[in-house]
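*Asks:* Got a structure for you, questions after.
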Amino acid sequence: MPQKSCAPETLSLLARCDGVLPLIIADNSGEQKGGEFRHVATKIGTHVIWTNNYSMKNQQLAESCIWELKKEVGREMVRTRCPRRLWDDCLELRAYIRSHVAHNVFSLDHECPETVVSRQTVDILQFCEHCWYDWVMFWDDPVAFSGDKLVLRRYLGPALDVGPAMAAKILK
């Protein structure tokens with residue numbers, strides 16, 4: 001049975017959080033050329049252009065950033081000894097952190113990528129309190145009374161698409 005692509009959901013989430021992009025320049029991956037991704041892009045009003053492999057100079061920069069991101073995820077997974085099936089949550093958190101931190105890239109002009117895209121100062125508060133796969137204690141019930149017990153679980157990062165600004169993904 002073929003595996004369902006997550007690219008259409010990611011594109012929908014991007015449109016909800018940051019607004020609709022007028023243009024997406026994508027490579028020739030089957031996931032992005034597939035009918036569902038193209039359908040979602042047309043539905044939200046985004047034009048998609050596909051490139052040939054390694055035809056654009058910024059493509060090389062993106063590939064090197066993805067390589068660095070994968071190395072960070074690998075180091076984080078080994079450091080915390082978390083289960084391998086959580087790699088996608090770790091990748092999401094590390095990518096989110098990378099987008100909120102300034103890098104030595106000339107075109108960013110000493111700004112973090114998220115600030116350049118949104119033109120607003122970014123808030124890094126959700127990254128300061130807990131690290132990947134840290135133990136966290138919380139009340140599991142929405143209404144907790146003084147006699148209720150705290151629950152000990154693992155932190156997987158901020159929840160971007162649900163809840164208030166400080167909502168988090170917790171591994172139960």
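The values are calculated or read from the model by the stated rules, or taken from the named source; none is laboratory data. These numbers were taken from a predicted model, which means no experiment stands behind them. Counting neighbours? That spans all protein chains shown, and the Cβs are built from the backbone with ideal geometry, glycine included. Accessible surface areas use protein heavy atoms only, side chains included; no ligands, DNA or RNA. Shrake-Rupley method; radii C 1.70, N 1.55, O 1.52, S 1.80 Å.
*Asks:* Counting only protein heavy atoms and a 1.4 Å probe, tell me what percentage of the chain's accessible area is made up of carbon and sulfur.
*Replies:* 57
*Asks:* What accessible surface, in Å², does a 1.4 Å probe find on I66, ignoring ligands, DNA and RNA and rounding to the nearest 10?
*Replies:* Ignoring ligands and nucleic acids, I66 comes out at about 80 Å².
*Asks:* Considering only DSSP states other than H, G, I, E and B, which GluC sites (Glu not before Pro) in the range 55-141 qualify as loop sites with at most 12 other Cβ atoms within 10 Å?
*Replies:* E129
*Asks:* Another question, if that's okay. Under the definition of Cα pairs under 8 Å and six or more residues apart, what whole-number percent is the relative contact order of the range 17-170?
*Replies:* Result for the range 17-170 is 14 percent.
*Asks:* Taking 0.36 nm per residue of sequence separation and subtracting the Cα-Cα distance, how much length would be gained by fully extending the chain between S12 and I170, in nm to one decimal?
*Replies:* On the way: separation 158, 0.36 × 158 = 56.88 nm, distance 2.31 nm.
Extending this stretch completely gives an extra 54.6 nm.
*Asks:* Please sort by residue number the trypsin sites (Lys or Arg not before Pro) in the range 19-117 whose DSSP state is loop and whose Cβ has at most 15 other Cβ atoms within 10 Å.
*Replies:* Qualifying residues, ordered by number: R81.
*Asks:* Can you give me the distance in nm between label points at S118 and F138, each placed 7 Å from the Cα along the Cα-to-Cβ direction?
*Replies:* Here the answer is 2.0 nm between the modelled labels.
*Asks:* Still on this structure, please answer the following. Please give the calculated 222 nm ellipticity per residue for the chain, where each DSSP H segment of at least 4 residues contributes -39500 (n - 2.57) and the sum is spread over every residue; nearest 500 deg cm²/dmol? Provide the component values of the computation, followed by the final result.
*Replies:* Working: 7 runs with 73 residues, N = 172.
Calculated mean residue ellipticity at 222 nm is -12500 deg cm²/dmol.
*Asks:* On to the next question. What does the extension gain come out to for E111 and L23, with contour length at 0.36 nm per residue minus their alpha carbon separation? Walk me through the intermediate numbers first.
*Replies:* Working: separation 88, 0.36 × 88 = 31.68 nm, distance 2.26 nm.
Working it through step by step, the gained length comes to 29.4 nm.
*Asks:* With each label point set 7 Å from Cα along the Cα-Cβ vector, what nm distance links C65 and V151?
*Replies:* Going from the C65 label point to the V151 one covers 3.6 nm.
*Asks:* While we're here: Tilt of helix 87-99 relative to the longest C-alpha principal axis of the chain, in degrees (0 to 90, nearest 10)?
*Replies:* The answer is roughly 70 degrees.
*Asks:* Could you work out how far helix 57-80 tilts from the main Cα principal axis of the chain, as a 0 to 90 degree angle to the nearest 10?
*Replies:* Between the helix axis and the principal axis of the chain, the angle is about 20 degrees.
*Asks:* Express the relative contact order of the range 90-172 as a whole percentage, based on alpha carbon pairs under 8 Å and six or more residues apart in sequence. Mind dumping the intermediate values first?
*Replies:* Working: 96 pairs, mean separation 18.5, N = 83.
Relative contact order comes out at 22 percent.
*Asks:* Also, I was wondering about something else. Please state the shape class of the range 25-172: rounded when a/c is under 1.5, otherwise prolate if a/b exceeds b/c and oblate if not, all from the C-alpha gyration tensor.
*Replies:* The shape class here is prolate.
*Asks:* With +1 on each Lys and Arg Cβ and -1 on each Asp and Glu Cβ, how big is the dipole of the chain about its Cα centre, in debye rounded to the nearest 20?
*Replies:* Working: 21 positive and 22 negative charges, 109 e Å.
About 520 debye.
*Asks:* A further question on this structure: Fully extended, how many nm does the chain gain between A159 and A95 (0.36 nm per residue separation, minus their Cα-Cα distance)?
*Replies:* Answer, rounded to one decimal: 21.7 nm.
*Asks:* Another question, if that's okay. Can you tell me the orientation of helix 35-44 relative to the chain, as the angle in degrees between its alpha-carbon axis and the longest Cα principal axis, to the nearest 10?
*Replies:* Orientation of helix 35-44: about 90 degrees from the principal axis.
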